[in-house]
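**Q** Here's a structure for you.
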């Protein structure tokens, strides 16, 4: 676990960029019909945005709070643009995205506390 945290902190920008690109492509790629995927659509949104924000919250670079706000604003932008690319934008998806952002931050905080606790032992 400590190694995972180290990798996420060291390569936070690359990890964030990969997830950002994946979210952008998967959210804006025109579809004939919505593919079936296990689980709830809202849960997928929550996990995606938690994964997006997690490396930022773990590393906490300069102005990290603004990066997090950008992620939330970007999720709203995607929901507005989706109807243009034959997709459905939903405000509940943005709520799930925002919840995912909060979960990503909380998970990063818990992991940092866990690693610090293990270092003291």
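The values are calculated or read from the model by the stated rules, or taken from the named source; none is laboratory data. Model, not experiment: these values are computed from the prediction. No Cβ is skipped: glycine too gets one built from the backbone with ideal geometry, and neighbour counts run over all protein chains shown.
**Q** Just give me the residues in the range 14-23 being in contact with a helix residue (DSSP H, G or I) (Cβ under 9 Å, 6 or more places away or on another chain) and either surrounded by 13 or more Cβ atoms within 10 Å (Cβ to Cβ) or modelled with pLDDT under 90 (or both), in sequence order.
**A** 15, 16, 19, 20, 22, 23
**Q** Let me ask another. Which numbered condition trips up residue 63, out of (1) within 14 Å of the chain's Cα centre (by Cα); (2) at positive phi?
**A** Against the list (1) within 14 Å of the chain's Cα centre (by Cα); (2) at positive phi, residue 63 comes up short only on (1).
**Q** Sticking with this structure for a sec: So which helices (runs of 4 or more DSSP H) are wholly in the range 24-121 and hold at least 2 residues that are out of contact with any helix residue (DSSP H, G or I) (no Cβ under 7 Å at 6 or more places or on another chain) and without any contact (Cβ under 8 Å) to a residue 40 or more places away in the chain?
**A** Result: 64-81, 91-120.
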